[in-house]
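To keep things clear, I will list the structure first and then write my remarks on it.
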Amino acid sequence: MLKLFSWRRSSLHTLSPDSGIPSFRLSPLSLLYISRFLSQFTSKCLSEDIYDPPFSPASNTQNPNKKTQKKKKKNKDQAQLDCKKTQEFPLKSDLPFDFRYSYSETNPSVEPIGFREPPKFSPFGPGRLDRKWTGTCAPAEQLVDLEKVVEERNKVLGEPLSDEEVAELVERYRHSDCSRQMNLGKGGVTHNMLEDIYNHWKRAEAVRIKCLGVPTLDMDNVCFHLEDKSGGKIIYRQINILLLYRGRNYDLKNRPAIPLMLWRPYAPIYPKLVKNVADGLTFEETKEMRNRGLNSPPLMKLSRNGVYVYVVHKVREAFEIEEVVRLDCSHVGANDCKKIGAKLRDLVPCVPILVKDEQLILWRGKKDPTQNSSSLMELTTPLMPS
């Protein structure tokens, strides 16, 4: 053992008092630090490179992925520069309709009474579109010949599909696990949704659209705006599931340019949905109608983001017997409850007289005696033989 650790005994050698120098003893740690310092000092002096180890920067061979990352970043930067060069602002679009945030959930005939933000702030960005933003839409400035638009759309659609072709497309895209699916929510047919449809049409002939929420009250309106704004055709409709076909002669390079909305604009202020006194009634009568509706059992209980396809039909049937109907919207939300009341007012038609605690009270209005007499005449007159 002494032979093995002889080096340690020599390093810890003490000086004799006869030499005239005071004796001291070095610890193992101090010797270790001194040896490291000397080795580093000698390596620096002898080496020609200033940045020699252990203080040299890391070489590229240690991380080979850095080169590939730099190349990817350069490619992305070049792609962005190319896109900026190709996009010349302001963008010009030849689409014949006015640009709105939502096409199916807004009524152009109803003018707002105020705005929550100045109309000068365009959601398309400053100077990015050749159309002026009015607060609700960006109207088309040039007059468009509708006949030519219809002819061009018919050319893109081509000949109508046969039953076998329709069945094949339906079987391919109608299932819930379809990768080419879009969800249509309470915003309805929005402007940016058109760009998503064209992106799906790059690699698929049809798009599966699942509709939920308030727009499902009027599915005919949703189908009309999808076909009118995108230029496609709906080949399948099952309750709230739609298939939108792009056409036989669809060309990706010649598709219309759609400028994107950079943010969602604030909704303008519209007149109140519920008046203090309903038209055709006095204050006491409206109060009595409201109390009767609150105490009556609910006709339906609506769920949040549900499918409201049959609500209009059931409300019309209920108004044939009852004068006031209550809809339970406790899980829908106050904002959606008001939207449902506004849609039912135009579709049924009826008069919303109360929206309280997410309960919607509807009054059928005063019936005209001429309508009742005409309906009775139709029932009593016998059918003529053909």
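No value in this document is a laboratory result; all are computed from the given coordinates. Since we're looking at a predicted model, the values are computed, not measured. Every residue, glycine as well, gets a Cβ built from its backbone with ideal geometry; the counts of neighbours run over all protein chains shown.
Computed values, structure above
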read-out	value
Qualifying residue in region 135-144 (condition: among the charged types (D, E, K, R), in a loop (DSSP other than H, G, I, E, B) and more than 23 Å from Gly247 (Cβ to Cβ))	yes
Test: residue in region 248-261 that is touching a strand residue (DSSP E or B) at 6+ places or on another chain (Cβ under 7 Å), assigned to a loop (DSSP other than H, G, I, E, B) and of a type in the set (A, V, I, L, M, F, W, C)	yes
Sole residue being of a type in the set (Lys, Arg), surrounded by fewer than 18 Cβ atoms within 10 Å (Cβ to Cβ), in a helix (DSSP H, G or I) and more than 15 Å from the chain's Cα centre (by Cα), chosen from Arg116, Arg203, Arg153	Arg153
Residue match in region 273-292 (condition: free of Cβ contacts under 8 Å to residues at least 60 places away in the same chain and within 23 Å of Val149 (Cα to Cα))	no
Residue match in region 304-318 (condition: under 18 Å from Glu105 (Cα atoms), loosely packed, with under 14 Cβ neighbours inside 10 Å and either hydroxyl-bearing (Ser, Thr, Tyr) or in contact (Cβ under 8 Å) with a residue 12 or more places away in the chain (or both))	yes
Counted residues, region 290-338 - those being over 21 Å from Cys211 (Cα atoms), assigned to a strand (DSSP E or B) and among the basic types (Lys, Arg)	1
For Val277: the one exception among (1) touching a helix residue (DSSP H, G or I) at 6+ places or on another chain (Cβ under 7 Å); (2) crowded, with 18+ Cβ neighbours inside 10 Å	(2)
